[in-house]
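The values are calculated or read from the model by the stated rules, or taken from the named source; none is laboratory data. Owing to the predicted nature of the structure, the values given are computational and were not obtained by experimental measurement. Cβ atoms come from the backbone with ideal geometry, glycine included; neighbour counts cover every protein chain shown. Areas reflect the complete protein model, heavy atoms only, side chains present, ligands, DNA and RNA absent. Shrake-Rupley method; radii C 1.70, N 1.55, O 1.52, S 1.80 Å.
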Amino acid sequence: MSLLLLRHVHAGDRAAHSGNDRRRPVSTTGLKQALGLVDAYAGRPIVTIGSSPLTRCIQSVEPLAAAHGLAIDEHDELAEGSPLDVVDRFLRQTRNRAERLGGDAVLCTHGDVIASVVLHLADQGVPLRDEDLRWPKASTWVIDGPLDDPDVAFLAPPV
């Protein structure tokens, strides 16, 4: 059972977007990346898909949800600026749920959330396979096993 922490796909420049940033859609590049996630996650037993409620996150996992016949559950805990303790509690609950369902959970979130989780794991002494700590758009951090002693790996963005 794995948690796949996905940073949303490319959504263009925040400063160039007119209107509410919460509604900023994915770009053409982002759509290609979102479609590429279907192949990148092929063979994984995905049983649940969660997302930050921001449009760019939801659109990032729409092709994946369609390919697996799953709904996208929106969670404020995955939104930008979520405190680490809130995110950690949510990850533990999601991991337990995915384990009961017998598969993996995909969680689409933002760079700051992924950074706080990965850096916290590193601070706790979790060995990371990728020495280059980064979280580019459409990349995934895979967390296998219990959150107190996980195996963590980085997956580069598709496309």
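In the distance distribution for region 63-140, Cα-Cα pairs more than 14 Å apart total 68 percent. Per-residue ellipticity at 222 nm computed for the chain from its helices equals -12000 deg cm²/dmol, with DSSP H segments shorter than 4 residues left out and the rest contributing -39,500 (n - 2.57).
Of all the accessible heavy-atom surface of the chain, with the other protein chains kept in place and a 1.4 Å probe, what percent is carbon and sulfur?
On the way: 3600 of 7420 Å².
Looking at the chain in its full context, I get 49 percent from C and S.
The convex hull drawn around the Cα atoms of the chain, when projected onto a plane and averaged over every direction, covers 8.7 nm².
Could you provide, to the nearest whole Å², the per residue accessible area of region 95-159 with probe 1.4 Å? Present the calculation step by step, with values, prior to reporting the outcome.
Details: 3050 Å² over 65 residues.
Heavy-atom accessible area per residue stands at 47 Å².
Averaged per residue, what accessible surface does region 33-94 expose to a 1.4 Å probe, in Å²? Kindly include the intermediate steps, with their values, before the conclusion.
Details: 2640 Å² over 62 residues.
Result: 43 Å² per residue.
Spin-label model, VAL38 to ARG23: label points 7 Å out along the Cα-to-beta-carbon direction sit 2.8 nm apart. Within the chain, helices built from complete DSSP H runs that reach 15 Å or longer along their own axis (Cα positions) and carry a mean Kyte-Doolittle hydropathy of 0.5 or higher are 111-123.
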